[in-house]
Amino acid sequence: MSFSGDVKRELSKTRVKLKEIERSEAYGLLLFCRSFNDKEIYFRTESGAAAERFSQVVAEVTGAVVETQKTLTARKNNSSVYRVAIPSADDCARVFSYFGHEEGKASLRINMANLEFEPCAAAFLRGAFLTCGTISAPETEYRLEFNTVHKNLSEDLCRVIKETTELAGGKAASPKMISRRGSYVVYLKDSEDIADLLTLIGAGGASMSVMQVKIEKSLENSLNRKINSQIANTDKTVSAAAKQMRAIQTLEDSGAFDTLSEELKAAAMLRRAHPIASLKELVEVSHVHISKSGLNHRLNKLVELAGDKK
């Protein structure tokens, strides 16, 4: 089962006690069908839970007969596809009118009269997601989508998502809209927006999964940055030490080593005894009291003098 399927199964278990809220969910389920008009109402889904929820809620709210047909598809290991429809044209006309839509309207819009208060809007969005929503597994990417066939309806949906998440007490989500192969996609890519919306519509478990993955990714990224930083520092230390070792050898080969001050000789012997040690480690094993900056100055002086002898 995909993560999207898991979310729909969780949403389908939501218990609704108030008729107004159930009515709003039914409206979301119907409005975002592949076809919703006075003559035809249907949608297709791979989620058996979404198909069952649609049949139950729409039948209870509208009294319409809902028909579900199950078929197998060759793709995705012969998974099932459900076609859920209201077969009666008379029922379609009655349901369409019941939610305040008029026959012959050129553009489908959200009738806000069906969303009386905040929980109704959340239930409406739950219905919309069950009918036309998908969500990627958070391990791969953060992306939640609603796929519709009406531009104005998609614009209305963006506004409802933004306003409802803001009223819920969090920051307003920022949905975007794009056109894709003749359809319109309303989507969220921010992990916090996705988690907030999932919680709002009744998928608290899925919301926690998204945030858990985000925390794990954050810890992993932080660890990787730390490791990369340590590797970079180690490379820098080794490179500097190798340069200093070559300088000491050059000074010895040229006979200049014996002319060095006692401080520079001591620094050279310390480096030679510990060829890949960091400055901090050299200071700790040194028999004389010296700071990191002081030792670094002496080692750099050796490199400088060796350059003059080449």
Between 207, 239, 88, where does the largest GNM mean-square fluctuation fall for the chain, given springs only between Cα atoms within less than 10 Å? 239
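Quick one: grab the alpha carbon gyration tensor of the stretch 23-154, order the square roots of its eigenvalues as a ≥ b ≥ c, and give me rounded if a/c is under 1.5, else prolate or oblate depending on whether a/b is larger than b/c.
Verdict is oblate for the stretch 23-154.
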For the stretch 136-239, the Kirkwood Rh over every pair of distinct alpha carbons, in Å, works out to 15.9 Å
Per the rule of 0.36 nm per residue minus the C-alpha distance, extending residue 176 to residue 256 adds in nm 21.7 nm
At a 1.4 Å probe, what is the % contribution of carbon and sulfur to the accessible area of the stretch 59-164? 47 percent
Extension gain residue 286-residue 136, at 0.36 nm per residue separation less the Cα-Cα distance, in nm? 48.2 nm
Cα radius of gyration and Dmax for the stretch 156-310 (Å): 30.1, 85
Between the helical axis of 48-62 and the dominant principal axis of the chain, each derived from Cα atoms, what acute angle in degrees is found, rounded to the nearest 10? 40 degrees
Cubic angstrom per residue, convex hull over Cα atoms of the chain: 214 Å³
Expressed as an acute angle from 0 to 90° and rounded to the nearest 10, what is the orientation of the C-alpha long axis of helix 118-132 relative to the principal long axis of the chain? 90 degrees
Pop out the carbon and sulfur fraction of the accessible area of the stretch 210-259 as a percent, whole number, probe 1.4 Å. 53 percent
So what are the ³J(HN,Hα) numbers for the stretch 204-214, from phi and the Karplus equation (6.51, -1.76, 1.60; θ = phi - 60°), rounded to whole Hz, Gly and Pro as x? x, x, 5, 4, 5, 4, 4, 6, 5, 5, 4
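If packing is taken as the average count of other Cβ atoms within 10 Å, what order do 6-16, 61-71 fall into, highest mean first?
6-16, 61-71
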In degrees from 0 to 90, rounded to the nearest 10, what is the angle of the helix 292-308 Cα long axis to the longest principal axis of the chain? 70 degrees
Would you work out the relative contact order for the chain, in percent, from Cα pairs under 8 angstrom that are 6 or more residues apart? 14 percent
Solvent-accessible area per residue, Å², over the chain with all protein chains present [probe radius 1.4 Å]: 55 Å²
Rounded to one decimal in nm, the spacing of the 7 Å Cα→Cβ label points at residue 300 and residue 52 is 7.3 nm
Which one of 32, 4, 48 has its Cα pushed farthest toward the positive end of the charge dipole of the stretch 1-95, where Lys and Arg give +1 and Asp and Glu give -1 at the Cβ? 4
With each run of n ≥ 4 DSSP H residues scored as -39500 (n - 2.57), what mean residue ellipticity at 222 nm is computed for the chain after dividing by its residue count and rounding to the nearest 500 deg cm²/dmol? -19000 deg cm²/dmol
Would you kindly derive the ³J(HN,Hα) couplings of the stretch 237-249 from the backbone phi angles with the Karplus curve 6.51 cos²θ - 1.76 cosθ + 1.60 (θ = phi - 60°), listing them in order in whole Hz, with x for Gly and Pro? 5, 5, 5, 5, 5, 4, 5, 5, 5, 5, 5, 4, 5
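Normalising by the residue count of the stretch 122-178, find the relative contact order in percent from Cα pairs under 8 Å and 6+ residues apart.
Normalised by residue count, the contact order of the stretch 122-178 is 23 percent.
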For residue 184, which sequence-distant residues (separation of 5 or more, or a different chain) have an amide H within less than 5 Å of its own amide H, given hydrogens modelled in the peptide plane? 148, 149, 150
Which whole-number percent is the relative contact order of the stretch 177-310 (Cα, under 8 Å, 6+ apart)? 21 percent
Under the Karplus relation 6.51 cos²θ - 1.76 cosθ + 1.60, θ = phi - 60°, what is the ordered set of whole-Hz ³J(HN,Hα) values for the stretch 34-43, x standing for Gly and Pro? 4, 9, 9, 8, 6, 10, 8, 9, 6, 8
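The values are calculated or read from the model by the stated rules, or taken from the named source; none is laboratory data. Worth saying up front: this structure is predicted, and the values here are computed from it rather than measured. Because the Cβ atoms are built from the backbone with ideal geometry, glycine has one as well, and the counts that use them run over all protein chains shown. Heavy atoms of the whole protein, side chains included, go into the accessibility calculation; ligands, DNA and RNA do not. Shrake-Rupley method; radii C 1.70, N 1.55, O 1.52, S 1.80 Å.
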